[in-house]
Amino acid sequence: MLVRIVEAARHAGVRKLVLVSTADVYGPDHNTRINEKSTVKPVHAFEKLKLLEERWLLREASDLQVVVLRPARVFGVGEDWLLPRLLVDMSRGRVWLPLGGRAQQTFIAASDVARACLAAADRGEAGRTYIIGGFDSTWRSVLESISRAVDVPCEVSSLPYDLAFIRALGEEMFTPAGAPLWPGIYAVDVLSKPRFYDDSRSRRELTWSPSIGSFDQDLAQMTPWLSGLVRDAKAAVSTAARAR
């Protein structure tokens, strides 16, 4: 994919490329706020892949102006990994989160990622990497906000990390190749370990700042989509129960 994008950019005379990577390349479980000078320590396959993409593009497209964005945890309408699966559990009335989902993390709205891309295309320095963030919160707080918004009572319960890890390891061992995996070890780490970031460089150099400062602030436009996810999850649970 990146090879074709670079070739198309050269053919079209495009001079600058903005790559949306992920702040997950720094790895999980940091107890201090991460900035661009922090050492990258990818642990999971996705994290390693995104770092390889960054390095390949900076090396192989040196004739182009490449700017790399590393967004914090992105949320928004259409997200197809974490929220849809968590809402399946919510539809049953209880969500089990590793360590109760209390780890502080930095989140960013998808709309703010788009705005950061425009700022990077306009003012980003070639060869530069920028962390982009929005606000600090927890997965527990996110799910409690969703529960109120869609009017679905839900209890968020705590699962010891070791048990969550063992369960995820079992899922990875027995899920057929190519089949949907949930929850994998990567998801357990995303939900349970602190990942929070200092994005002062991007705010300063790109003259950019997020417009969404809390999950609740974006809930109004997300609620129809979230309600649809809950409705679909309840229907799936009901169908499965009838099948038994």
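Read-outs: derived from the displayed coordinates by stated rules, not from any lab. These figures come from a predicted structure and were not determined experimentally. Don't worry about glycine lacking a Cβ; one is built from the backbone with ideal geometry, like all the others, and counts go over all protein chains shown.
Exactly one residue among Gly127, Gly78 is in a loop (DSSP other than H, G, I, E, B) and touching a Phe, Trp or Tyr at 6+ places or on another chain (Cβ under 9 Å), and that residue is Gly78. The set of residues in the range 95-118 being within 30 Å of Leu58 (Cα to Cα) and touching a residue at least 12 places away in the same chain (Cβ under 8 Å) consists of Gln105, Thr106, Phe107, Ile108, Ala109, Ala110, Ser111, Asp112, Val113, Arg115, Ala116, Cys117. Of the residues Trp81, Trp56, the single one that is among the aromatic types (Phe, Trp, Tyr) and under 14 Å from Trp182 (Cβ atoms) is Trp81.
Contact map, the range 119-137: residues that are of a type in the set (Lys, Arg) paired with residues that are buried (at least 17 other Cβ atoms within 10 Å of the Cβ) and outside any strand (DSSP E or B), Cβ distance under 9 Å, separation 6+ or inter-chain. Pairs shown: Arg123/Leu206; Arg123/Trp208; Arg128/Glu36; Arg128/Ala120.
Looking at Lys41, is it part of a helix (DSSP H, G or I), on the phi < 0 side of the Ramachandran plot and not acidic (Asp, Glu)? When the stated conditions are applied, Lys41 does not pass them.
Taking the range 81-124 as the range and being touching a Ser or Thr at 6+ places or on another chain (Cβ under 7 Å), in a loop (DSSP other than H, G, I, E, B) and surrounded by fewer than 21 Cβ atoms within 10 Å (Cβ to Cβ) as the test, the residues that pass are Arg102, Gln104.
Among the residues here, Arg4 qualifies as free of Cβ contacts under 8 Å to residues at least 12 places away in the same chain, assigned to a helix (DSSP H, G or I) and among the basic types (Lys, Arg). Of all the residues in the range 189-205, those that are within 16 Å of the chain's Cα centre (by Cα), of a type outside the set (A, V, I, L, M, F, W, C) and part of a helix (DSSP H, G or I) number 2. Only a single criterion out of (1) outside any loop (DSSP other than H, G, I, E, B); (2) surrounded by 14 or more Cβ atoms within 10 Å (Cβ to Cβ) is not satisfied by Arg10, namely (2).
Which one is surrounded by the fewest Cβ atoms within 10 Å (Cβ to Cβ) among residues in the range 59-78 that are closer than 23 Å to Pro183 by Cα and in contact with a helix residue (DSSP H, G or I) (Cβ under 6 Å, 6 or more places away or on another chain)? My answer is Val77.
The set of residues from the range 13-55 being polar (S, T, N, Q), surrounded by fewer than 15 Cβ atoms within 10 Å (Cβ to Cβ) and without any contact (Cβ under 8 Å) to a residue 60 or more places away in the chain comprises Thr32, Thr39. Here is the figure for the range 186-218: residues that are more than 18 Å from Leu163 (Cα to Cα), touching a residue at least 12 places away in the same chain (Cβ under 8 Å), basic (Lys, Arg) and surrounded by fewer than 21 Cβ atoms within 10 Å (Cβ to Cβ) total 1. Which of the residues spanning the range 134-170 are acidic (Asp, Glu) and either part of a loop (DSSP other than H, G, I, E, B) or over 21 Å from the mean Cα position of the chain (by Cα) (or both)? Across the range 134-170, the qualifying residues are Asp151, Glu155, Asp162.
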